[in-house]
1. On the given criteria, is THR120 out of contact with any helix residue (DSSP H, G or I) (no Cβ under 7 Å at 6 or more places or on another chain) and either modelled with pLDDT of 95 or more or farther than 24 Å from ILE69 by Cα (or both)?
2. Can you tell me which of (1) in a helix (DSSP H, G or I); (2) open to solvent by 30 Å² or more (accessible area, probe 1.4 Å); (3) of a type outside the set (A, V, I, L, M); (4) touching a strand residue (DSSP E or B) at 6+ places or on another chain (Cβ under 9 Å) is the one SER133 doesn't meet?
3. May I ask you to list the residues in the range 38-48 that are in a strand (DSSP E or B) and open to solvent by less than 60 Å² (accessible area, probe 1.4 Å)?
4. Go through the range 49-59 and give me each residue that's open to solvent by 100 Å² or more (accessible area, probe 1.4 Å) and not in a loop (DSSP other than H, G, I, E, B).
5. Taking interchain pairs and intrachain pairs at least six residues apart, which have beta carbon atoms under 9 angstrom, with the first residue in the range 151-164 and within 17 Å of GLU93 (Cβ to Cβ) and the second outside any strand (DSSP E or B) and open to solvent by 70 Å² or more (accessible area, probe 1.4 Å)?
6. Do you know which residues across the range 13-23 are open to solvent by less than 70 Å² (accessible area, probe 1.4 Å), in contact (Cβ under 8 Å) with a residue 24 or more places away in the chain and of a type outside the set (Phe, Trp, Tyr)?
7. Can you tell me which residue is surrounded by the most Cβ atoms within 10 Å (Cβ to Cβ) among those in the range 143-163 that are assigned to a loop (DSSP other than H, G, I, E, B) and modelled with pLDDT under 95?
8. Got at least one residue in the range 27-36 being open to solvent by less than 80 Å² (accessible area, probe 1.4 Å), in contact (Cβ under 8 Å) with a residue 60 or more places away in the chain and part of a loop (DSSP other than H, G, I, E, B)?
Amino acid sequence: QKRIYRTFSKFYPHEPGFALNALISGATYPHNFSGKLRFLYSSVGWKMEYEEYHPMRFIAFALIQADQINYSYKFSDRLFFEQSKKCLPDLHEAILVKNGYLTDASAYNLALFNGGEWHTPTNALLAGTMRESLLTQEVLLPRDIKTSDLVHYRKFKLINALNPFETATEYDINLIYNKL
C-alpha cells in the first residue's frame with residue numbers, strides 16, 4: 001500500500017490512489033493458485049494479473065554495469081533487466097552495479113553475509129517490500145557495498161516477496177564473477 005501511495009504522490013499527485021486491501025479481498029483467484037499477483041495501475045484504472053511463480057536456483061552470478069538505470073518505482077516495463085540477462089548463460093543471474101556499487105539482482109534485492117551481519121546495498125534500485133520489512137526488523141543492515149567489498153562477504157541471498165529471507169537459498173560469494 002505504501003508503494004501505491006508513494007507512486008501516486010509522484011506520478012498522479014491529484015489522485016488518491018487505490019486501497020489495495022479492498023481490491024485484493026474482493027478479487028476472485030484461480031483454483032489452488034500459488035504464485036504472483038501483479039497489480040497494474042494508473043491514474044484512471046487498475047487490473048490484476050496472476051502469474052505462476054517458479055523459484056529459480058542459479059549456478060553463477062555476473063556483475064553487470066547499470067549506471068544509467070533508475071528503477072526507484074516499480075514499472076511493468078522491465079526491458080533493461082531482461083536485456084541484462086540475455087547476455088548470460090542459462091541459470092546465471094545478473095547482479096547490477098551502479099557507479100561501482102552493488103544494487104540488486106534482476107528480480108531480487110540482495111542480502112550479503114560477512115560472517116557476523118547480513119547487509120543489503122543502501123542504494124538498491126527498488127525498495128522491495130521484503131527488503132523494507134527486513135530493514136525495519138533490523139535483520140538486514142543497509143551498507144554501501146562496492147564491488148571491491150565482495151571479498152569481505154562469505155555468502156548471499158536473493159530476496160523478494162516470493163523468495164523470503166528465511167527460505168531463500170544461500171549462495172557462496174565466490175559464485176559471483178565480473179563482467180564489468
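1. no
2. SER133 satisfies all of (1) in a helix (DSSP H, G or I); (2) open to solvent by 30 Å² or more (accessible area, probe 1.4 Å); (3) of a type outside the set (A, V, I, L, M); (4) touching a strand residue (DSSP E or B) at 6+ places or on another chain (Cβ under 9 Å) except (4).
3. Selection gives PHE39, LEU40, TYR41, MET48.
4. Once the filter is applied, which keeps residues that are open to solvent by 100 Å² or more (accessible area, probe 1.4 Å) and not in a loop (DSSP other than H, G, I, E, B), the range 49-59 yields only GLU52.
5. From residues that are within 17 Å of GLU93 (Cβ to Cβ), the pairs are LEU158/MET56; ASN160/THR129; LEU162/PRO55; ASN163/PRO55; ASN163/MET56.
6. Passing the criteria: only LEU23.
7. Going through the qualifying residues, I end up with LEU162.
8. No: zero hits.
The values are calculated or read from the model by the stated rules, or taken from the named source; none is laboratory data. Small disclaimer: the values here were computed from a predicted structure and weren't measured. Every residue, glycine as well, gets a Cβ built from its backbone with ideal geometry; the counts of neighbours run over all protein chains shown. Keep in mind that these areas ignore ligands, DNA and RNA; they rest on the heavy atoms of the full protein, side chains included. Shrake-Rupley method; radii C 1.70, N 1.55, O 1.52, S 1.80 Å.
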